[in-house]
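Contents: one structure, followed by commentary.
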Amino acid sequence: MGLDNCPECGKLYVENAARLCPECYRRQEDDAEKVMEYLRDASKATLEEIHHATGVKHKIILRLLRSGRIVGSSLSYPCDSCGTPIVEGRLCDKCSRNILDQMRIEDRHKEHEPERKTRSRMYGKELDND
Ligand SMILES: [Zn+2]
Ligand SMILES: [Zn+2]
């Protein structure tokens, strides 16, 4: 746990699971409540309609959707990677599969890492002796 700037207000705060300073976190919780309440009566509402009815910023509604705080709505939002409309998580099926593939490739690279590090350390020593 370290210090970080709140992505919402820019203030320095102690890093937490919510990734927001306590003040913005509380505000987000209030907003989440408002949106959830509105969606209980209007589950088919669009992002725009929710925004107008609750006054909650688009950005925050999207963040709540992405973090899984708003469930059961028919709202779609763009995939973090390619922009395809999705209704849950951060990535569309295709992109999450791609990321899994990439992680597997990175894992394979990591196996060779120690070897590379030793070699660069050896070069470093040679330079020092000069
Ligand atoms: Zn904040
Ligand atoms: Zn995608």
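Remarks
- Per residue, the accessible area of region 3-129 comes to 74 Å², computed with a 1.4 Å probe over protein heavy atoms only.
- Rounded, prolate or oblate (a/c below 1.5 giving rounded, otherwise prolate when a/b exceeds b/c) for region 3-129 by Cα gyration tensor: oblate
- Region 3-129, accessible surface, carbon-and-sulfur percent (1.4 angstrom probe): 51
- Protection proxy ranking, peptides 99-108, 33-42, 9-18, 58-67, average beta carbon neighbours within 10 Å, highest first: 58-67, 33-42, 9-18, 99-108
The values are calculated or read from the model by the stated rules, or taken from the named source; none is laboratory data. Only a predicted model underlies this, so the values are computations on that prediction, with no experimental measurement involved. FYI the Cβ positions are ideal-geometry reconstructions off the backbone, even for glycines, and counts take in every protein chain you see. Calculation scope for accessible area: heavy atoms of the full protein, side chains included, ligands and nucleic acids excluded. Shrake-Rupley method; radii C 1.70, N 1.55, O 1.52, S 1.80 Å.
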